[in-house]
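**Student:** The structure that follows is given in the form of structure tokens.
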Amino acid sequence: MINLLRGLLVVLCCAAGFASADEKNILVTSGTDRATPIAVVPFGFQGGAVLPEDMSEIIGNDLRNSGYYAPIPRQNMISQPTQPTDIIFRDWKALGAQYIVIGNIVPSGGRLQVTYALYNVNTEQQVLNGSVSGGTDQLRDMSHYIADQSFEKLTGIKGAFSTRILYVTAEQFSAGNTRYTLQRSDYDGARAVTLLQSREPILSPRYASDGKRIAYVSFEQRKPRIFLQYIDTGRREMLTNFEGLNGAPAFSPDGNRLAFVLSKDGNAEIYVMDLATRGLTRVTNSPAIDTEPTWGKDGRTLYFTSDRGGKPQIYKTTIGSGNADRVTFVGNYNAAPKLSADEKTLVMIHRQDGFTNFKVASQDLERGNVKILTDSSLDESPTVAPNGTMVIYATRSEGRGVLMLVSLNGRVRIPLPTAQGEVREPSWSPFLN
């Protein structure tokens, strides 16, 4: 389902023209480079029972999802070493593996002690080793931790596999009887828990930088209002209750302010609220529709969607400047902006000239080049991992709304397991300590 804000822009802008593209901007529809082969060998287990989770499978999936690594299929593994002395490097070289991860799980005092090591197959040198402990209910946590440590050691980029996502499900039981649920899960869709249920729509959930608070739009009492909720306690506060549209909340990098969209003065404009004082500052002032703000890491820059050029495109402004510069020129529709961690790449929903499909795309902010990341057709709500390597978005598959993950380099596209019903509005957490 195309979200409320996109629908508003499409309806109001479908008959308008748009500015011409800068000649330096080009569209890239595919890539040709390959991921690095890595073997994540099944971990040895010294206990008697079968563990409820396969740590090596989780670690391998994490590394694959980044788009940087291609795990060697388990059926191709000729051996399963659990100790460094068991590794026959020439065999792994023959399989094409450039790295190998091994590990051992030992019960200790009612917990599990996990040791792991990462080796460079070509040099036959140890790259990383360590240990982590936890209960059987923490096997996924420990797996994500090992994947994070391995990824950072190999790439210099902090791993984001221990992060979480928010998303909304809508399950219809009968005509006029739909239940909306705000869910939180691991980044890969596992271990979903319910944070809020409502008979009215829930939109645009967003994490604060501390990972402890979220903001979202709820249509309780059949009008859109923005709420703040504390994850651990469930305590909620209503932040806005203005006439008209109250939507698209986005926390500032320090978590002390919230940008959002209000139409209380008759037109959709972007405002910023100081969460301590509840003071309100108007950021944009245009006869066009300005919506979907997202922050730059300086805490002063906002990227947003606007139809001020004729059709939805992405602009950026500095708070207090009163000016806005257009950022996107390729395609006749660009919306829902999100930034990569280094702010060199803009992720967005994009429609090419002459097409009707909405896809997730990225734009190099220095060169202006646009790259299509997805092969689906009704994409919406992209959200970027805090390390900038992966994107999760909502789309449709087999007649229902689902979540998909794509690596920012475009090498990996996979569906995420989620609850029944329509699934939409994903939002990635910051790094969680």
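The values are calculated or read from the model by the stated rules, or taken from the named source; none is laboratory data. Predicted model, so just to flag it, every value in this text is computed and none were measured. Every residue, glycine among them, receives a Cβ derived from its backbone with ideal geometry; neighbour counts consider all protein chains shown.
**Student:** Could you identify the single residue in L405, L416, L378, L365 that is in contact with an Asp or Glu (Cβ under 8 Å, 6 or more places away or on another chain), over 25 Å from R191 (Cβ atoms) and of a type in the set (A, V, I, L, M)?
**Tutor:** The match here is L365.
**Student:** Could you tell me whether the stretch 142-150 includes any residue that is more than 14 Å from the chain's Cα centre (by Cα), within 30 Å of G130 (Cα to Cα) and not in a helix (DSSP H, G or I)?
**Tutor:** Checked the stretch 142-150: no residue is more than 14 Å from the chain's Cα centre (by Cα), within 30 Å of G130 (Cα to Cα) and not in a helix (DSSP H, G or I).
**Student:** How do the pairs read when you match residues in the stretch 185-199 that are closer than 13 Å to I58 by Cα with residues anywhere that are of a type in the set (V, I, T), using Cβ under 7 Å and keeping only pairs 6 or more apart or on different chains?
**Tutor:** Y187/T163; Y187/I165; G189/T418
**Student:** Which condition number in (1) touching a Leu at 6+ places or on another chain (Cβ under 6 Å); (2) surrounded by 20 or more Cβ atoms within 10 Å (Cβ to Cβ); (3) over 24 Å from L182 (Cβ atoms); (4) not aromatic (F, W, Y) is the one that L365 fails?
**Tutor:** So L365 meets the others, but not (2).
**Student:** Run down L228, L245 and say which single residue is over 16 Å from the mean Cα position of the chain (by Cα) and crowded, with 22+ Cβ neighbours inside 10 Å.
**Tutor:** L245
**Student:** Given the conditions (1) in a loop (DSSP other than H, G, I, E, B); (2) in contact with a helix residue (DSSP H, G or I) (Cβ under 7 Å, 6 or more places away or on another chain), which single one is not true for D298?
**Tutor:** Evaluating D298 over (1) in a loop (DSSP other than H, G, I, E, B); (2) in contact with a helix residue (DSSP H, G or I) (Cβ under 7 Å, 6 or more places away or on another chain) leaves (2) as the failure.
**Student:** Across the stretch 250-282, what is the number of residues that are β-branched (V, I, T), under 18 Å from T305 (Cβ atoms) and surrounded by fewer than 22 Cβ atoms within 10 Å (Cβ to Cβ)?
**Tutor:** Summing the residues that are β-branched (V, I, T), under 18 Å from T305 (Cβ atoms) and surrounded by fewer than 22 Cβ atoms within 10 Å (Cβ to Cβ) in the stretch 250-282 gives 1.
**Student:** Now a separate question. Filter the stretch 371-396 for residues that are part of a strand (DSSP E or B) and either under 14 Å from the mean Cα position of the chain (by Cα) or closer than 15 Å to Y207 by Cα (or both) and give the result.
**Tutor:** E380, S381, P382, T383, V384, M390, V391, I392, Y393, A394, T395, listed by residue number.
**Student:** Count, please, the residues in the stretch 263-284 that happen to be in contact with a strand residue (DSSP E or B) (Cβ under 8 Å, 6 or more places away or on another chain) and under 19 Å from R300 (Cα atoms).
**Tutor:** Adding up the residues that qualify gives 13.
**Student:** Looking at this structure, is R367 within 22 Å of L166 (Cβ to Cβ) and over 16 Å from the mean Cα position of the chain (by Cα)?
**Tutor:** So R367 fails the test.
**Student:** Here is a check on your reading of the model: is A49 in a loop (DSSP other than H, G, I, E, B), without any contact (Cβ under 8 Å) to a residue 12 or more places away in the chain and not assigned by TED's automatic domain parsing to the domain that holds D188?
**Tutor:** Yes, satisfied.
**Student:** Another question, if that's okay. T194 - would you say it is assigned to a strand (DSSP E or B), buried (at least 20 other Cβ atoms within 10 Å of the Cβ) and assigned by TED's automatic domain parsing to the domain that holds V272?
**Tutor:** Against the criterion (assigned to a strand (DSSP E or B), buried (at least 20 other Cβ atoms within 10 Å of the Cβ) and assigned by TED's automatic domain parsing to the domain that holds V272), T194 does not qualify.
**Student:** Can you pull out the strands (runs of 3 or more DSSP E) entirely within the stretch 213-283 that have at least 1 residues that are touching a Lys or Arg at 6+ places or on another chain (Cβ under 8 Å)?
**Tutor:** Passing ranges, in order: 213-218, 225-230, 236-238, 246-251, 269-274.
**Student:** Give all pairs with beta carbons closer than 7 Å in which a residue from the stretch 325-337 that is assigned by TED's automatic domain parsing to the domain that holds G354 and crowded, with 24+ Cβ neighbours inside 10 Å meets a residue that is basic (K, R) and not in a loop (DSSP other than H, G, I, E, B); count only pairs at least 6 apart in sequence or on separate chains.
**Tutor:** G331/R351; Y333/R351; A335/R6
**Student:** Further question on the same structure: Output the strands (runs of 3 or more DSSP E) that fall wholly within the stretch 69-124 and possess 1 or more residues being outside the structural domain of T389 (by TED's automatic domain parsing), exposed (fewer than 14 other Cβ atoms within 10 Å of the Cβ) and of a type outside the set (S, T, Y), or say none.
**Tutor:** 111-120
**Student:** Just checking, which of G247, G159 is within 27 Å of Y68 (Cα to Cα) and touching a residue at least 60 places away in the same chain (Cβ under 8 Å)?
**Tutor:** Just one listed residue meets the conditions, G159.
**Student:** Here's another thing I want to ask about it. Tell me which residues, restricted to the stretch 197-210, are surrounded by fewer than 17 Cβ atoms within 10 Å (Cβ to Cβ) and either part of a loop (DSSP other than H, G, I, E, B) or not small (G, A, S) (or both).
**Tutor:** The answer is Q197, R199, E200, D210.
**Student:** Being closer than 23 Å to A215 by Cβ and either in the same structural domain as D307 (by TED's automatic domain parsing) or in a loop (DSSP other than H, G, I, E, B) (or both) is the requirement here; does M404 meet it?
**Tutor:** No.
**Student:** Applying the selection to the stretch 215-224, what residues are more than 15 Å from Q197 (Cα to Cα) and buried (at least 17 other Cβ atoms within 10 Å of the Cβ)?
**Tutor:** P224
**Student:** Also, I was wondering about something else. Among the residues that make up the stretch 415-424, is at least one of them within 15 Å of I349 (Cβ to Cβ), assigned by TED's automatic domain parsing to the domain that holds A215 and either modelled with pLDDT of 95 or more or crowded, with 21+ Cβ neighbours inside 10 Å (or both)?
**Tutor:** For the stretch 415-424, residues within 15 Å of I349 (Cβ to Cβ), assigned by TED's automatic domain parsing to the domain that holds A215 and either modelled with pLDDT of 95 or more or crowded, with 21+ Cβ neighbours inside 10 Å (or both): present.
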